[in-house]
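Provided herewith is a single structure, encoded as structure tokens, for subsequent inquiry.
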């Protein structure tokens, strides 16, 4: 699966704690982070991605229509 540059930037921002206020964008970021987590073998990266996924899910719950 090829990830666009915009999606990579969104994931990087999510890992740094910068999240969008758009529910649909967060849904896409969550899907991309989940896919990245599935293929990550490094424990530190796995934990960082897992933490970012938790933050995205929390923000999505707050924004849920």
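Can you confirm whether segment 18-31 contains a residue that is touching a residue at least 24 places away in the same chain (Cβ under 8 Å) and more than 18 Å from residue 63 (Cα to Cα)?
No, every residue in segment 18-31 fails to be touching a residue at least 24 places away in the same chain (Cβ under 8 Å) and more than 18 Å from residue 63 (Cα to Cα).
Looking at segment 4-39, which of its residues are assigned to a loop (DSSP other than H, G, I, E, B) and surrounded by 15 or more Cβ atoms within 10 Å (Cβ to Cβ)?
19, 20
Looking only at segment 40-49, how many residues end up being surrounded by 13 or more Cβ atoms within 10 Å (Cβ to Cβ) and in a helix (DSSP H, G or I)?
Within segment 40-49, the first condition is being surrounded by 13 or more Cβ atoms within 10 Å (Cβ to Cβ), and the residues that meet it are 40, 45-46, 48-49.
Add one more test, that the residue is in a helix (DSSP H, G or I), and what stays is 45-46, 48-49.
Final tally of qualifying residues: 4.
Every number in this text was worked out from the coordinates using simple rules, so none of it is lab data. Everything numeric here is computed off the predicted structure, so don't read it as measured data. Cβ coordinates were reconstructed from backbone atoms using ideal geometry, including for glycine residues, and neighbour counts include every protein chain displayed.
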